[in-house]
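See structure below.
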Amino acid sequence: MAKVLDNPRPTLKERAAKIGAQIQGSQAWNSIFRPGSIFRKGYTDSPRNRSYVIMNSVLYHLHPVKVKRHAVKVSYTLCLGGLSFFVFILLTVTGIFLMFFYRPTGANAWEDIQTLQTSVTFGLLIRNMHRWGAHIMVLTVFLHMARVFYHGAYKPPREFNWVIGVVLLTLTLLLSFTGYLLPWDQLALWAVTVGTNMMGYTPVFGSQVRFVLLGGVEIGSETLLRWYVLHVLMLPFVIVIFMAIHFWRVRKDGGISGPL
Amino acid sequence: MTEIPEHLLKRAQAARDKAAGSSDASASEGGDRIPDALLDRTKASGAGAAVVAAAPAGGVPVGAGPGGHTQRLLTVVKSGSIQEAKAAPVDKVHTWPHLLAVEFVAALALTAFLFVFSWVVNAPLLQAADFNNTPNPSKAPWYFLGLQELLTMFHPMIAGVTLPGMGLVALILAPYLDRNASNKPEDRKFMTSMMTMFLIFWAVLTIIGSFFRGPGFNFTFPWRDGIFFEL
Ligand code: HEM
């Protein structure tokens, strides 16, 4: 005797689909994702949806919907500008981690690093990533500049973006140099001594600038605090602003230069 | 209120006079007058609208202009003033997936490299800072070693300030000094060779400063006396 179920219990799949639909129809969901977002409508590959991925997300601040075909060739930019930006993000993340364990005073700095390396989970790894990442950033920014030069990509209308780039290069070097002091070991102290001695030879205001940067005539605990604030707050703040202008100009100047 | 400049007032007056003068003449006379065909069409549509509106309401529709017109010609533009789009079509691709995929892979590769490298190689942490114990040699970070190398050749003011300052200014001014508009490598041989020479010069200085300088910043061979270099 077959029993006809005209109202069977919903399967797990059906229930999941129903809950999914409820969430996607909710006010909260729709307040988070803009009309046209692929998280509202779902994504199937179509030219329109490809546009929507960019147009209806925060990515629109960085990228236009379409770019020149030759601009996506890795052999043109070598990804160097983008990688400089990405290492900067990695450095920010690892740097925030380090800040939890570090006090910028002559009495604590070195021991904090020592403790971080020996007794904090992943402390050594994260410190290594921050330090090697910093060297990589100097390298990628420098190579990015070289590639821009060899492509003649600084020519009109991109002259000013090149100038902003030179500012970015300077800021990158300053970020790396101020960070160099923070471990407060023999390497840090004397490398920075050599570096800042050069500064004192600037005519007219050299020794004043040196005094302000060191917080005294010689390197000491005051220097450590100053360079810490420069390193974790002021220089990152300034470089982010210049990066924003840099990226904006790349788009406004008509995207990537070329093809050659 | 701001003063309207004399010449603008004059021009407006002249235009008004001209309009008044030519409205007496036949509309078909001037080259930049509204063509008869368009005027006729406007009249026809005005009449038509009045008829259509009249049917249901039996009067002039709400919001209609003088004469019962429901449509207005906003402006008449001289033919020459219409912008012509000259932009040549550019071969473009969608940012998603073409560019984002590349960026994602590049970011992932870099993260993987940094992760593995940091897993294997430890960053240096020497003895705690000691003001009474100057290591020999004392070296600046590698990206300043070219400068430190220059210091052995010139007065500190030249090596530490004048030369790097000039380099920075030259870098900033490069786009304004290079008057050659082409970006083709074959047209830019002078600039590329200048830059290449400069880069090689700088790289050599940095390498000497990094690996060929020992105690007292005196010249050494790394294979003879070892390497005095920390990252
Ligand atoms: C923090 C450092 C920097 C970051 C994050 C950065 C980022 C970028 C990015 C993402 C692009 C898009 C194209 C590409 O990836 O190559 C770009 C283009 C460009 N950058 Fe940078 N950049 C930096 C430093 C510099 C420096 C030091 C210079 C030159 C002195 C420079 C000059 C330019 C120019 C002229 C372009 C346009 C290139 C073209 O149209 O082909 N940038 N930058």
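No value in this document is a laboratory result; all are computed from the given coordinates. Predicted model, so just to flag it, every value in this text is computed and none were measured. We place every Cβ from the backbone using ideal geometry, glycine too, and count neighbours over all the protein chains shown.
Data overview
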quantity	calculated
Contact order normalised by residue count of region A:20-66, Cα under 8 Å, 6+ apart, percent	28
For chain A: relative contact order, % (alpha-carbon pairs under 8 angstrom, 6 or more apart)	19
Per-residue [θ]222 nm for chain A (sum of -39500 (n - 2.57) over DSSP H runs n ≥ 4, rounded to 500)	-20500 deg cm²/dmol
Convex hull volume of region A:69-252 per residue (C-alpha atoms, cubic angstrom)	133
For B:LYS92, residues with placed amide H under 5 Å, excluding near neighbours	A:ARG69
Whole-angstrom gap from region B:90-154 to region A:126-165, using each part's C-alpha centre	12
Cβ-Cβ FRET estimate between A:ASN49 and A:VAL240, R0 fixed at 25 Å, reported to 0.05	0.20
Separation between Cα centres of region A:47-124 and region A:210-260, rounded to whole Å	15
For chain A, built as a Gaussian network whose Cα springs stay under 10 Å, the top-fluctuating residue of A:HIS246, A:HIS231, A:HIS151	A:HIS151
FRET efficiency estimate (nearest 0.05) - Cβ-Cβ, B:PHE211 to B:LEU168, R0 45 angstrom	0.95
Reduced Cα scattering model of the protein assembly as shown, Debye log10 I(q)/I(0), q = 0.08, 0.09 Å⁻¹	-0.74, -0.84
Surface/4 of the Cα convex hull for region B:53-203, nm²	25.7
Inter-label distance, nm, simple model (7 Å from Cα along the C-beta direction), B:LEU199/A:VAL65	3.8
Relative contact order of region A:1-125, defined on C-alpha pairs under 8 angstrom at six or more residues apart (%)	9
